[in-house]
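Notes for the one structure printed next.
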Amino acid sequence: MLFAILASTGLLASTAMAASLTQVPNYNNNATSKAQMYVYKPDNVVENPPLVVVIHSCQSSAQAYFQNSAIPWRQGSDKKGYITVWPSSPNSGTCWDVSSKRSLTHLGGGDSQAIANMILYAISEYKVDPERVYVTGGSSGAMMSNVLAATYPELIKAVSLYSGVAAGCFVSSSGGVDQWNNTCSGGQSRATPEKWKQVVLDMYPGYEGPRPKMQIWHGSADSTLAPQNYQEEIKQWTAVFNVSQEPTSSVQNYPKQGYTTNNFGDFVQGIYAQGVGHSVPSNLTASEIWFGL
Ligand SMILES: *[C@@H]1O[C@H](CO)[C@@H](O)[C@H](O)[C@H]1NC(C)=O
Ligand SMILES: *[C@@H]1O[C@H](CO)[C@@H](O)[C@H](O)[C@H]1NC(C)=O
Ligand SMILES: *[C@@H]1O[C@H](CO)[C@@H](O)[C@H](O)[C@H]1NC(C)=O
Ligand SMILES: *[C@@H]1O[C@H](CO)[C@@H](O)[C@H](O)[C@H]1NC(C)=O
């Protein structure tokens, strides 16, 4: 009965043919990490499409994040014709490994390298414009966004991350993979801008090329990743870009009531959400503007 109605209205055919999230079993991954790759190619992909890599939080997965109505990137992809890649964590609890040396090092073999391989695969197989590769993520995905910006700066144009911690803040002193770090999550991992910058430089020694511009969102009432982590991220990326920790401009109540947008030159932007907990909801429009989409 339902089938007949759907078929007669043509709904069935269009639903069956509509774009969907698809696993890419072999993406030429040469990392030790066995992170899985999923891709969403909308029906109307533009020529030499931009790519947004959307990185899930703990206890989630590529499929769950894709289906989460609070995660707006599928809609953005449908509307604008860019491709999205959805990495899925191989670790138990599905947090990303942002603690081991191998993930915190360029070509170190960890989860970060697996995601870099997904980007390279998308460039070669889907004709993605290598100059328009963007990364976003929430919570653990935001931590990984910072780590990717530090370990694979040559692949990424811009990052928009929601409620993370500075690259290297979750480092495990014993080198453990995918370890929680209470010192960092509690906001006790504090360092000078120069120290945080050195942490980034050490993840890819000798790299002197361009780096992705960073948009960093955090809530003032975050009890999972203390708000101090916002300050540490700002210190880190302003230092990397050789700019002051004093904003060049601040806009109150933007992009929303209670939020403050702080610009630190053209390459670092912080958006601090007063009264918002973990994690700050994604704002598709604001992230797309940051990416130039
Ligand atoms: C893995 O792939 C990357 C990207 O193609 C390449 O630069 C690197 O040399 C490869 N590493 C190994 C160990 O094969
Ligand atoms: C947690 O991270 C900090 C840096 O943010 C590091 O100094 C510390 O050793 C880490 N703790 C553990 C238990 O690995
Ligand atoms: C910051 O300054 C250093 C030293 O002059 C330079 O090597 C580096 O490229 C600059 N970083 C950026 C992102 O412009
Ligand atoms: C998202 O950001 C845009 C500006 O980039 C703003 O106009 C819009 O109101 C914001 N939406 C929400 C829900 O905060």
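The values are calculated or read from the model by the stated rules, or taken from the named source; none is laboratory data. Bear in mind that the values here come from a model prediction, so they are computed numbers and not experimental data. Cβ atoms come from the backbone with ideal geometry, glycine included; neighbour counts cover every protein chain shown. Remember, those area values only see protein heavy atoms, side chains included, never the ligands or the DNA or RNA. Shrake-Rupley method; radii C 1.70, N 1.55, O 1.52, S 1.80 Å.
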(request) Enumerate the pairs (first residue in the stretch 277-291 and open to solvent by 20 Å² or more (accessible area, probe 1.4 Å) and in a loop (DSSP other than H, G, I, E, B); second residue anywhere and acidic (Asp, Glu) and more than 16 Å from ligand 3 (Cβ to nearest atom)) with beta-carbon separation below 6 Å, excluding pairs fewer than 6 apart on the same chain, so at least 6 apart or on different chains. (result) GLY277/ASP222; HIS278/ASP222
(request) Hey, could you check the stretch 203-218 for residues that are in a loop (DSSP other than H, G, I, E, B) and away from ligand 1 (no atom under 16 Å from the Cβ) and say which is nearest to VAL133 (Cα to Cα)? (result) PRO212
(message) Let me confirm something: among GLY219, GLY176, GLY138, GLY164, which residue is touching a residue at least 60 places away in the same chain (Cβ under 8 Å) and over 21 Å from the mean Cα position of the chain (by Cα)?
(response) GLY176
(request) Under 6 Å between Cβ atoms, at least 6 apart or on separate chains: pull out the pairs that start in the stretch 33-44 with a residue that is open to solvent by less than 10 Å² (accessible area, probe 1.4 Å) and end on any residue that is modelled with pLDDT under 95 and assigned to a loop (DSSP other than H, G, I, E, B). (result) PRO42/ALA19
(request) Give the stretch 208-236 a look and list any residue that's closer than 22 Å to LEU155 by Cα, among the small types (Gly, Ala, Ser) and open to solvent by 40 Å² or more (accessible area, probe 1.4 Å), or say none. (result) none
(request) Sort through THR136, THR105, THR151 and tell me the only one that's surrounded by fewer than 24 Cβ atoms within 10 Å (Cβ to Cβ) and polar (S, T, N, Q). (result) THR105
(request) Look through the stretch 112-156, keep the residues that are within 16 Å of ligand 1 (Cβ to nearest atom), touching a Pro at 6+ places or on another chain (Cβ under 8 Å) and assigned to a helix (DSSP H, G or I), and return whichever of them is nearest to ILE234 (Cα to Cα). (result) PRO153
(request) Search the stretch 249-275 for residues that are away from ligand 3 (no atom under 16 Å from the Cβ) and pair each with any residue that is acidic (Asp, Glu) and modelled with pLDDT of 95 or more when their beta-carbon atoms are under 8 Å apart and the residues are at least 6 apart or on different chains. (result) GLY270/GLU233
(message) Going residue by residue through the stretch 87-99, is there one that turns out to be in contact with a Lys or Arg (Cβ under 7 Å, 6 or more places away or on another chain), modelled with pLDDT of 95 or more and either at negative phi or not in a loop (DSSP other than H, G, I, E, B) (or both)?
(response) yes
(request) Identify all residues within the stretch 157-207 that are among the charged types (D, E, K, R) and open to solvent by 40 Å² or more (accessible area, probe 1.4 Å); write none if there are none. (result) LYS157, ARG190, GLU194, LYS195, ASP202
(request) Sort out which residues of the stretch 84-100 are in contact with a Ser or Thr (Cβ under 7 Å, 6 or more places away or on another chain) and closer than 21 Å to ALA18 by Cβ, and write them in order of number. (result) THR84
(message) Here are the criteria: (1) within 16 Å of ligand 3 (Cβ to nearest atom); (2) free of Cβ contacts under 8 Å to residues at least 60 places away in the same chain. Tell me which single one ALA149 does not satisfy.
(response) (2)
(request) Just name the residue that is farthest from ligand 4 (Cβ to nearest atom) out of those in the stretch 246-264 that are farther than 19 Å from TYR162 by Cβ and surrounded by 13 or more Cβ atoms within 10 Å (Cβ to Cβ). (result) PRO247
